[in-house]
Amino acid sequence: MNKTCLIYQPAGIGDVFFVQTIVKHYISLGYEVIYPLKSNLIYLKDYLNYDGVTFVDESGDFPYKEHYNQGGNSILSGDFIYLNLDQSHRQGGNGGYMLAKYSMVGLDYKSWVDGLVIDRNKEREDWLFNYLEIKDGEKYVLMNTKYGTPPDFAEYPVPKLDTNYRVVNMDFIEGTNIMDWVGIIEKASGIVTVDTCIQYIMDTLTLNYDFYHCYLRDGGKRGHLDIIKNIFTQPWEYKI
């Protein structure tokens, strides 16, 4: 009999990145994983490209949909497993709303980065370099003031940066997505950002920035700073 694991964590982008080690753990246990994503994030399947998981649009039909997003607790054993990772902090997981995703299934959250392997699209990355007219070897600072999953996003009032480097602003450019920015993230000389999904991408890259400035979107409330300091490994200077 086939074993199936159905995941409920359709957004945001950072949460999807964070749980890939959990997905791969259940694949290693012999489960076929069905992972529904929000319609506006289904493009991520082209970048999280590995055997054993099927990413589907949560608005469409897929096996075991009757169990999906019903507000119930996870089913953690048997030939069918349902992981409501979005609500793991309310189902016995500890460590807050992020780390609980791992404690609920008995894994070390520090292993999250091992599971995030990005299948990069160099052609799209190069197109964005050309569109932004970034020259080879040019020193630039990446500036990101946006957070949330488009079209639902907000902006943080990041102060103006005093720098001699060019400032490249991360904007929503028609026909592109966040994954097209990986090359630009990789080659930057510094970064100023609100805490967001690009921090997960950065932990998969070899970087040597002059500075790493991160503004906390909620001002450090609800223990948010403690959570993200535990997750990310870059030498961030957090600003509240």
Farther than 26 Å from residue 124 by Cα and open to solvent by less than 20 Å² (accessible area, probe 1.4 Å), is that true of residue 225?
no
Any idea which of 178, 191 is at pLDDT 95 or above, open to solvent by less than 60 Å² (accessible area, probe 1.4 Å) and under 30 Å from residue 28 (Cα atoms)?
178
For region 197-233, which residues satisfy the criterion of being within 20 Å of residue 47 (Cβ to Cβ) and in contact with a Cys (Cβ under 9 Å, 6 or more places away or on another chain)?
199, 232
So if I check each of 52, 30, 72, which one is open to solvent by less than 40 Å² (accessible area, probe 1.4 Å) and at positive phi?
52
The condition from (1) closer than 17 Å to residue 13 by Cα; (2) without any contact (Cβ under 8 Å) to a residue 24 or more places away in the chain that residue 130 misses is numbered (1)
Before we move on, is residue 36 outside any loop (DSSP other than H, G, I, E, B) and either open to solvent by less than 20 Å² (accessible area, probe 1.4 Å) or touching a residue at least 24 places away in the same chain (Cβ under 8 Å) (or both)?
yes
Inside region 160-169, can you point out the residues that are open to solvent by less than 50 Å² (accessible area, probe 1.4 Å) and modelled with pLDDT of 95 or more?
168
Among the candidates 142, 161, single out the residue that is of a type outside the set (Phe, Trp, Tyr) and farther than 24 Å from residue 112 by Cβ.
161
Out of the strands (runs of 3 or more DSSP E) lying entirely within region 100-159, which hold 2 or more residues that are out of contact with any helix residue (DSSP H, G or I) (no Cβ under 9 Å at 6 or more places or on another chain) and open to solvent by 60 Å² or more (accessible area, probe 1.4 Å)?
152-155
Tell me whether region 125-137 contains one or more residues that are at pLDDT below 95, under 16 Å from the mean Cα position of the chain (by Cα) and of a type outside the set (Gly, Ala, Ser).
no
All positions within region 47-77 that are assigned to a loop (DSSP other than H, G, I, E, B), touching a residue at least 24 places away in the same chain (Cβ under 8 Å) and not aromatic (Phe, Trp, Tyr)
48, 49, 51, 52, 58, 63, 69, 74, 76
Condition check: within 29 Å of residue 150 (Cβ to Cβ), crowded, with 20+ Cβ neighbours inside 10 Å and among the aromatic types (Phe, Trp, Tyr). Does residue 17 satisfy that?
yes
Extreme residue, most open to solvent (accessible area, probe 1.4 Å), among residues of region 55-69 that are of a type in the set (Asp, Glu) and modelled with pLDDT of 95 or more:
61
Against the conditions (1) over 23 Å from residue 153 (Cα atoms); (2) touching a Pro at 6+ places or on another chain (Cβ under 8 Å); (3) in contact (Cβ under 8 Å) with a residue 40 or more places away in the chain, where does residue 41 fall short? Just the number, please.
(1)
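The values are calculated or read from the model by the stated rules, or taken from the named source; none is laboratory data. Fair warning: this is a prediction, and the values are worked out from it, not measured in the lab. Heads up, the Cβs are rebuilt from the backbone with ideal geometry, glycines too, and the neighbour counts pull from every protein chain shown. The area values use the complete protein model at the heavy-atom level, side chains included, leaving out ligands, DNA and RNA. Shrake-Rupley method; radii C 1.70, N 1.55, O 1.52, S 1.80 Å.
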